[in-house]
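Accompanying notes for the structure given below.
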Amino acid sequence: MAHVNMHRVAVLSPPDRRYRGSSAEERRARRREQFLRAAVRVYGEEGYRRATVRAVCEAAGLTERYFYESFANSEALLVASFEAVNRVLFSEIKKAGGAADGGPVERTRAILAAYFAALKRDPRSARVFLIEIAGVSPAVDEVLATSLDVFADLLALTLDPDGRSASARRPLMRTGVIGGVLHLALAWIKSGYAQPASAVVEAALQLSLALLSGRPALRRRGCRPVYSVVK
């Protein structure tokens, strides 16, 4: 009988019933955001592989019941937190590129400067973005690969707005460029941000310029050789 009564309550209650001014959907969305913020904090401080669902719940101030309301497991939360970090980061760097004066190279430099500045400003998010996401599972690796493709597309299109870039015809070069930028970021983070951000940005810019025509483009644009900015 108790089960029947609960079913009747579920049927008769309006789906958007509000509690303290918030609908059930709004409360679920807020709880999900709490978990995402907590995940970035916990994974960034403890590492994804050492963190537990309980630790994330404690950081979020919520119970495991609410955790499983939003996420199937820890891997799903990792992916969601990674995608949340990405959304903020890509929005920020696109805005920086759009606001930059000058031509494609200057806009690309602005994008890279915003990228590395964000990594230094929020080391916990940087760890989730670059370290904790890698090697968890094939499904998570696919999410990472998709993100890197988006970043590579952004750099290629910024350098060559008319779509004439050779990167589309040189997929190995494209992969190498974005992998190089990623490894520069990893090395910089692991060094404790030992080098000036400007040096790392210039190194990443020269790697990115390979998406155009190679070394002749570097000489035409007056860029220093990469070995002069990365020791």
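The values are calculated or read from the model by the stated rules, or taken from the named source; none is laboratory data. This is a predicted model, so every value here is computed, not measured. Methodologically, a virtual Cβ is constructed for each residue, glycine included, from the backbone with ideal geometry; neighbour enumeration extends over all protein chains shown.
Of note:
- Elements of the type helices (runs of 4 or more DSSP H) sitting completely within the range 78-169 and holding at least 1 residues that are over 21 Å from Pro196 (Cα atoms) and touching a Lys or Arg at 6+ places or on another chain (Cβ under 9 Å): these cover 138-159.
- Whichever residue in the range 181-205 is within 12 Å of Leu155 (Cβ to Cβ) and in contact with a helix residue (DSSP H, G or I) (Cβ under 6 Å, 6 or more places away or on another chain) and, among such residues, is surrounded by the most Cβ atoms within 10 Å (Cβ to Cβ): Ala204
Here's the yes/no breakdown for (1) assigned by TED's automatic domain parsing to the domain that holds Gln206; (2) crowded, with 19+ Cβ neighbours inside 10 Å; (3) closer than 26 Å to Glu33 by Cβ; (4) in contact with a Pro (Cβ under 9 Å, 6 or more places away or on another chain):
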site: Ala55; (1), (2), (3), (4): no, no, yes, no
site: Ala84; (1), (2), (3), (4): yes, no, yes, no
site: Ala117; (1), (2), (3), (4): yes, no, yes, no
site: Asp122; (1), (2), (3), (4): yes, no, yes, no
site: Phe129; (1), (2), (3), (4): yes, yes, yes, no
site: Ser137; (1), (2), (3), (4): yes, no, yes, no
site: Ala152; (1), (2), (3), (4): yes, yes, no, no
